[in-house]
Amino acid sequence: FMLQGENCKIEKQFLSKVKTYIAQHNVVRATGRYLVALSGGADSVALLLTMQDMGFHIEAAHCNFHLRGEESDRDEQFCKNLCKSRGVSLHLAHFDTRGYAALHHVSIEMAARSLRYAYFQNLCKDLSLDGICVAHHRDDSVETVLLNLVRGTGVHGLRGILPVNGNILRPLLCVSRADIINYLGCKNQNYVTDSTNLVADVMRNKIRLQILPLLQELNPDVKTTIAKAAEHVAEACKIIDHSLDEALSYGLKVNSFDVERLLSFPSPEYLLYTLLKRYGFQSSQINEVYRSIMSREQHGTKEWQSEDYSMALTRGRILIDKREEMAFKPIKLPEVGTYVLNQENDKLKIEQIERDSTFSLSKQADCVCLDAQNVLFPLTVRRYVAGDKFVPFGMKGFKLISDYLTDKKKNVFEKRRQLVVCDAEGKIVWLVNERVDDRCKVTNDTNSVLRLSLILNQ
């Protein structure tokens, strides 16, 4: 009787701790519907029981990766039996994990992770569930902190595992593995053991089986200590992130960041790292940018490329622009009509109209009127190139387009995207969205007008 009473006390304390944690971190909602990732191990079994006992609507999902022969099949059968006994709907998936790993050139561990989470996400969407509950606990978070330290990490890597990451939810991060085992013991609930977790063959297992026991010799309560430190770092990161967001919003204008504003920040290097990481730049590239800024080597323009973005350091500013999928190909415009310019479905419309008493010149930069007699078809729209020149409207002599754009304070990316419209003789008749060539302007002697309109697909 005393043992039974003690078991009830353990169970109540466990559930109370999890409930408090869920409420503090807004992990799950009472009215929500959730998918529980169920492997059959102690952690996921405890998660299933806890969620159900606390009254949440749950369904379970189990993945058979076919990596451990009969043991994998044993785990699947255990999950079937458990869910049947608890009245929980179970969804099963089978994967050729080794085949996937070979095809995608990734480790078995990474392949299993990719397959698992892709399946969970699709299932969650198909079933219209509110989130995916996984059974990471406090010790997993401690291992993650140490793992990140060994591999190298910024301050955010010292937060450990977060309770909420998108729709991935972790209600058990407040309890230890020992707490979970005690909880299952008091409920007389069995579970399966993955034999690969008992072998120190991957880095996480080495930390769990070798490093942490050594640290516990120095401090028997080291897991609690590290977990608490990670919580403090997580709270400090909120302050850091808020400060960074304020600094970036103040100094960033249309993907252009002022270097002097950067240097006024308490940690310019960290602000730069935060800014450029958002656009996929590597640490080595960010270090190069920072060295260039600090050495004041800002003569001309320097550029760096990430997978999706280009970044330039020029005239005391950091400029960031989306990389184009492909170069703009010149487009022939043989006659009046509407022409598609690019994959974004932007268009150039050409009309020929008679100049009568109702005619009026356009005052919009994206719509211009030319004297049709001074423009010879076919026209061509293309990017401007070095050496291109025209006679800007209102002037008498030629001006290099590069000089014109510099006078207009266009940055390197704006210059690179600049379009021109040429006629059959190669004469630039319109610097698009800027100015027409004075030789093609509409005059009192003009009878027929070509109207060119740039139509952006916004």
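The values are calculated or read from the model by the stated rules, or taken from the named source; none is laboratory data. Bear in mind that the values here come from a model prediction, so they are computed numbers and not experimental data. With ideal geometry, Cβ positions are generated from the backbone for all residues, glycine too; neighbour counts draw on all protein chains shown. The area values use the complete protein model at the heavy-atom level, side chains included, leaving out ligands, DNA and RNA. Shrake-Rupley method; radii C 1.70, N 1.55, O 1.52, S 1.80 Å.
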Note: LEU263 to PHE377 extended length (0.36 nm per residue) minus current alpha-carbon separation gives 35.7 nm
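If you average the sequence gap of Cα pairs under 8 Å that are 6 or more apart and divide by the length of the chain, what percent do you get for the contact order? Walk me through the numbers on the way to the answer.
On the way: 659 pairs, mean separation 50.4, N = 458.
The normalised contact order for the chain reaches 11 percent.
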THR31 and ASN444 label points (each 7 Å along its Cα→Cβ direction) are spaced in nm at 7.5 nm
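Beta carbons within 10 angstrom, averaged per residue: use that to sort the peptides 164-170, 338-344, highest first. Provide the component values of the computation, followed by the final result.
Working: 164-170: 17.0, 338-344: 13.3.
Order by mean packing, descending: 164-170, 338-344.
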Filtered hits (aspartates and glutamates, Cα-Cα < 14 Å from LYS409, offset >= 8 within chain) -> GLU434
Pseudo-spin-label distance THR301 to LYS84, built 7 Å along Cα→Cβ, given in nm, is 6.9 nm
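With a probe of 1.4 Å, find how much accessible area the chain has per residue, and write the answer as a whole number in Å².
Details: 25180 Å² over 458 residues.
Averaged over the residues of the chain, the accessible area is 55 Å².
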When the charge dipole of region 1-103 is computed with +1 at the Cβ of Lys and Arg and -1 at the Cβ of Asp and Glu, the Cα pointing farthest to the positive end, of CYS63, GLN52, VAL28, is that of VAL28
Straight-line reach check, LYS187, cutoff 27 Å on alpha carbons, 8 or more apart in-chain or any other chain, hits among lysines -> LYS9, LYS12, LYS17, LYS19, LYS80, LYS84, LYS223
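Heavy atoms only, probe 1.4 angstrom, no DNA, RNA or ligands counted: give me MET51, MET294 ranked by accessible area, highest first. List each step's numbers first, then the result.
Working: MET51 0, MET294 100 Å².
In descending accessible area the options line up as MET294, MET51.
With helices defined as uninterrupted DSSP H runs, which ones in the chain have an alpha carbon span along their own long axis of at least 30 Å and mean Kyte-Doolittle hydropathy of at least -0.5? Present the calculation step by step, with values, prior to reporting the outcome.
Working: long enough: 2-25 (35 Å, -0.55); 222-251 (42 Å, 0.08).
Passing helices, by number: 222-251.
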With every protein chain in place, the accessible area of CYS174 for a 1.4 Å probe, in Å² rounded to the nearest 10, comes to 30 Å²
Length gained if GLN52 through LYS347 is fully extended, taking 0.36 nm per residue and subtracting the Cα-Cα distance, is 100.5 nm
Projected onto the charge dipole of region 357-458 (unit charges on the beta-carbon of Lys, Arg, Asp and Glu, signs +1, +1, -1, -1), the Cα from THR443, VAL421, ASN457 with the largest positive-side position is that of ASN457
Rounded to a whole %, the carbon-and-sulfur portion of the accessible area of the chain at a 1.4 Å probe is 51 percent
Each label sits 7 Å from Cα toward the beta-carbon; between ASN188 and ALA23 the label points are separated, in nm, by 3.1 nm
